[in-house]
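Chemist: One structure is given below, represented as structure tokens, and several questions about it will come after.
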Amino acid sequence: MTTLTDPAATAGLVTREVRDGSRGDAPTKIAVARRTYATDRDDLWDALTSAERLPRWFMPITGDLTVGGRYQLEGHAGGVVERCDAPHAFAVTWESNGGVSWLEVSLTPADGGTTLELVHESPVDPDFWARYGPGAVGVGWDLSLMGLGLHLETGASLDPQAVEEWSLSEEGVTFARAASTGWADAAAAAGDDADQARAAGERTLAFYTTPPEA
């Protein structure tokens, strides 16, 4: 995997926001990540939606990628394509581990490139939120947005095994620390207790940087 000259600065390319929401009568938490890429909207859209390009920076995908169709990411989440307005925005359900959340991605022209906004809305599990906060989903998306950036800059494909190994390296831990701190700060800005948000950020950091048991 291509190394990052400054992992913390790369994590800092993402701006983060936390909101409260609802689906029907059920409360939700919304994690919002934004990053601007130095490419045009059509190229970024293609990287996000092409079954050929997605495995080069994210993971292999199968299924029907049209509205109403079901998709499946290899070894990960699946769901339904709910809306698509190419090359502006798409929305899908995000179904994983028996739960359902909602993902929306939108692209907006910006000076020098295109801004991607990713909105992940999840049902509220108070215990889980207190333990990990928004970083539980946010740090994973930060890693994906980093991989997308490397792919757009170099055209290279990322080796999933190399990415996993990198995440446990000094560079990877530095990146994850900056990302988890960013999400803790966003939670505090949204009204969470600052000390509890920081503690949740530390638990999230440990989750992403502790080697799996042999």
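Chemist: Across segment 154-168, which residue is modelled with the lowest pLDDT among those that are part of a loop (DSSP other than H, G, I, E, B) and more than 18 Å from Ala8 (Cα to Cα)?
Modeler: The residue in question is Asp159.
Chemist: Counting only residues that are polar (S, T, N, Q) and either surrounded by 14 or more Cβ atoms within 10 Å (Cβ to Cβ) or in contact with a helix residue (DSSP H, G or I) (Cβ under 6 Å, 6 or more places away or on another chain) (or both), give me the helices (runs of 4 or more DSSP H) lying completely in segment 1-70 with at least 1 of them.
Modeler: 7-11, 41-49
Chemist: Further, regarding this structure: Which condition from (1) of a type in the set (Asp, Glu); (2) more than 16 Å from Thr10 (Cβ to Cβ); (3) touching a Pro at 6+ places or on another chain (Cβ under 7 Å) is the one that Glu171 breaks?
Modeler: Glu171 satisfies every listed condition except (2).
Chemist: Only residues in segment 85-109 that are free of Cβ contacts under 8 Å to residues at least 40 places away in the same chain and buried (at least 18 other Cβ atoms within 10 Å of the Cβ) count as the first member; pair them with residues that are among the aliphatic types (A, V, I, L, M) and assigned to a loop (DSSP other than H, G, I, E, B), Cβ under 8 angstrom, at least 6 apart or cross-chain, and list the lot.
Modeler: These pairs meet every condition: Trp94/Ala77.
Chemist: I would also like to ask the following. Based on what the data block shows, is Val81 under 15 Å from the mean Cα position of the chain (by Cα) and among the aliphatic types (A, V, I, L, M)?
Modeler: Against the criterion (under 15 Å from the mean Cα position of the chain (by Cα) and among the aliphatic types (A, V, I, L, M)), Val81 does not qualify.
Chemist: Would you point out which residue out of Ala89, Ala47 is at pLDDT 95 or above and touching a His at 6+ places or on another chain (Cβ under 7 Å)?
Modeler: That would be Ala47, the only listed residue that is at pLDDT 95 or above and touching a His at 6+ places or on another chain (Cβ under 7 Å).
Chemist: Hey, could you check segment 39-79 for residues that are among the aromatic types (Phe, Trp, Tyr) and in contact with a strand residue (DSSP E or B) (Cβ under 8 Å, 6 or more places away or on another chain) and say which is farthest from Glu117 (Cα to Cα)?
Modeler: Top of the filtered list is Tyr71.
Chemist: Which condition number in (1) of a type in the set (Asp, Glu); (2) in contact with a strand residue (DSSP E or B) (Cβ under 8 Å, 6 or more places away or on another chain); (3) not in a strand (DSSP E or B) is the one that Glu82 fails?
Modeler: (3)
Chemist: Evaluate segment 91-99: report whether one residue or more is closer than 23 Å to Asp185 by Cα, within 15 Å of the chain's Cα centre (by Cα), of a type in the set (A, V, I, L, M, F, W, C) and part of a strand (DSSP E or B).
Modeler: No.
Chemist: Report, by residue number, each residue of segment 167-214 that is touching a Phe, Trp or Tyr at 6+ places or on another chain (Cβ under 8 Å), more than 17 Å from Arg131 (Cα to Cα) and polar (S, T, N, Q).
Modeler: Matches in segment 167-214: Ser167 only.
Chemist: Answer with yes or no whether Asp142 is closer than 22 Å to Gly79 by Cβ, of a type in the set (D, E, K, R) and either out of contact with any Phe, Trp or Tyr (no Cβ under 9 Å at 6 or more places or on another chain) or part of a helix (DSSP H, G or I) (or both).
Modeler: So Asp142 passes the test.
Chemist: If you check every pair at least six apart or on different chains, which have Cβ atoms under 7 Å apart with a residue in segment 187-214 that is in contact (Cβ under 8 Å) with a residue 24 or more places away in the chain first and a residue that is of a type in the set (D, E, K, R) second?
Modeler: Short answer, once both residue conditions are applied: Ala190/Arg19; Ala200/Arg131; Arg203/Arg131; Leu205/Arg177.
Chemist: Take the residues of segment 110-133 that are under 18 Å from the mean Cα position of the chain (by Cα) and among the charged types (D, E, K, R): which is surrounded by the fewest Cβ atoms within 10 Å (Cβ to Cβ)?
Modeler: Per the criteria, the residue is Glu117.
The values are calculated or read from the model by the stated rules, or taken from the named source; none is laboratory data. Because the structure is a prediction, the values reported are computed rather than measured. Please note: Cβ atoms are built from the backbone with ideal geometry, for glycine as well, and neighbour counts cover all protein chains shown.
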